[in-house]
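Heads up: the structure comes next, in structure tokens.
The values are calculated or read from the model by the stated rules, or taken from the named source; none is laboratory data. All of these numbers come straight from a predicted model, not from anything done at the bench. We place every Cβ from the backbone using ideal geometry, glycine too, and count neighbours over all the protein chains shown. Surface accessibility is based on the protein's heavy atoms, side chains included, excluding ligands, DNA and RNA. Shrake-Rupley method; radii C 1.70, N 1.55, O 1.52, S 1.80 Å.
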Amino acid sequence: MQLLLVEDELEIQSFLKHALAEAGYQVDAAADGKTALRLATEGTYDVLIVDLGLPDQDGIGLILQLRQLGVSSPVLILSARRSVDDRVRGLEQGGDDYLTKPFALAELLARLRNLLRRNSPSSEVTCLRVLDLELDLLRREASRGGKVLHLTAQEFTLLEYLCRNPGRVVTRSMILDKVWGMRIQPDTNVVDVHIYRLRGKVDTEGRQPLIRTLRGVGYVLKDR
């Protein structure tokens, strides 16, 4: 699931981006309305998380612009403004939910899951299948041959990325960008370590190996 986080306080932005990534979300971040507007109109996001106190414009104005431009992704508003009038205004101007600061991370995650459930049309893909491997994207559960795989949040996100690209070779840099949302030194072994752990859970003894390594190139999830 892809999120856009719009938060100008960099310390809060860094904390939330890390926490959301740990929960299995892919997160892009913006510190001002101009950047957020560009990202939201160029990309596709499952949920937008928008702080109202932005340096270049009010968050409500940003939400109105997005709606006028046809961006229909649900918006979770974050704000220190706690009055009923502020909450009502935020919801009336295009927000789908409103969370006041300070807030508990558990509540933020619960509200995100609720927005995802509420705004998932019946035609949207909520389950990925590759041979006997199955991923439930809403419950964030994986199984193979009917047997539940006990994955960490990061392992699930990595497997989801592979399942969205079955039969396609994905490089380490592609995985770092799409799964970790960052670019780090190309000689890091973080991808290899996670692939190794994931393979130990997905390709158990007696089953057809699904995750292949193409030495010097990247990885591919077999689809036949």
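Some points to look at:
- Selection of segment 2-26 for residues being closer than 23 Å to C163 by Cα and touching a strand residue (DSSP E or B) at 6+ places or on another chain (Cβ under 7 Å) yields Q2, L3, L4, L20, A21, Y25, Q26.
- Residues that are open to solvent by less than 80 Å² (accessible area, probe 1.4 Å) and at pLDDT 85 or above do not occur anywhere in segment 177-189.
- Residues of segment 44-66 that turn out to be in contact with a strand residue (DSSP E or B) (Cβ under 9 Å, 6 or more places away or on another chain) and either among the aromatic types (F, W, Y) or more than 21 Å from A19 (Cβ to Cβ) (or both), as a count: 6
- Identity of the residue in segment 55-87, assigned to a loop (DSSP other than H, G, I, E, B) and surrounded by 13 or more Cβ atoms within 10 Å (Cβ to Cβ), that ends up modelled with the lowest pLDDT: R81
- Any hit, segment 165-175, residues being in contact with a helix residue (DSSP H, G or I) (Cβ under 9 Å, 6 or more places away or on another chain), part of a helix (DSSP H, G or I), among the basic types (K, R) and open to solvent by less than 80 Å² (accessible area, probe 1.4 Å): yes
- Flag for G94 being open to solvent by less than 30 Å² (accessible area, probe 1.4 Å), part of a loop (DSSP other than H, G, I, E, B) and not polar (S, T, N, Q): yes
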